[in-house]
Amino acid sequence: MSKRKSSKDDNVQEKKVKFNHWSLGLLETLNDPKNLVQEDSYTHVIKDKFPKATYHYLVISKQDISSISKVTKDDVDLLRHMEKVAKKIVQDVNNSDSTYQFKIGYHAQPSMARLHLHVISDDMISPCLKTKKHWNSFTTDFFIPSEDIVKSLVNDGQFSLPSDQQCKNYLTQCLKCNKCDYVPKHLGDLKKHILGHLKT
Ligand code: AMP
Ligand code: ZN
């Protein structure tokens, strides 16, 4: 699957991405088989431990790529595969519960180690969604659709991530409903408002 040159190259790059103990939590979660929703040769799938919507899964690369920022054109097959796994999860959920639309993508600046793809329903209803940063990280361009990254890699051989300043702007921008023009004063107002968007 991977056309990466050598793990030595990865190790050199690895030094530039710093992860602390907390950010190794996904790998710790993977250590306990009962947390696994499914796996194949290239990916593990788990439920997000702090889901930010009704359905929130993570498709995690088995290959030791620390972050989306380390992905190159050599990884396009892996990214395509991760997206395929994500779409199958959506299909399976929708077969039993067709209420939800899903987003499939990467955070521009992930906080957790090992390349992982978010598969998240767009209702954003969850007790774990507690901050503006949580909201904005899934509803602004801080969240990058997998399809966009794959398309850029295929067409241009590369993709660009938003700058540090752009990321900061996305995460701190004013709250806005992801389904209409409603602009709340507080996250609490928004959390009440989005209940009205649930299909009955
Ligand atoms: P990211 O910002 O893309 O790195 O997102 C990391 C995701 O991992 C977040 O949605 C967290 O809720 C989730 N998370 C954090 N710690 C754990 C853990 N130990 N096990 C599973 N998911 C976790
Ligand atoms: Zn709304």
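Okay, here's what the table says:
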read-out	value
Lys pairs, region 160-200 - Cα-Cα below 14 angstrom, 8 or more residues apart or on other chains	6
Helix 146-156 vs. the chain, principal-axis angle (Cα, 0 to 90°, nearest 10)	40 degrees
Inter-label distance, nm, simple model (7 Å from Cα along the C-beta direction), S98/E28	4.2 nm
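Read the figures in this text as sums done on the coordinates, not as results from a lab. Given the structure is predicted, the values throughout are model-derived calculations rather than measurements. Here Cβ is always computed from backbone atoms with ideal geometry, including for glycine, and neighbour counts include all displayed protein chains.
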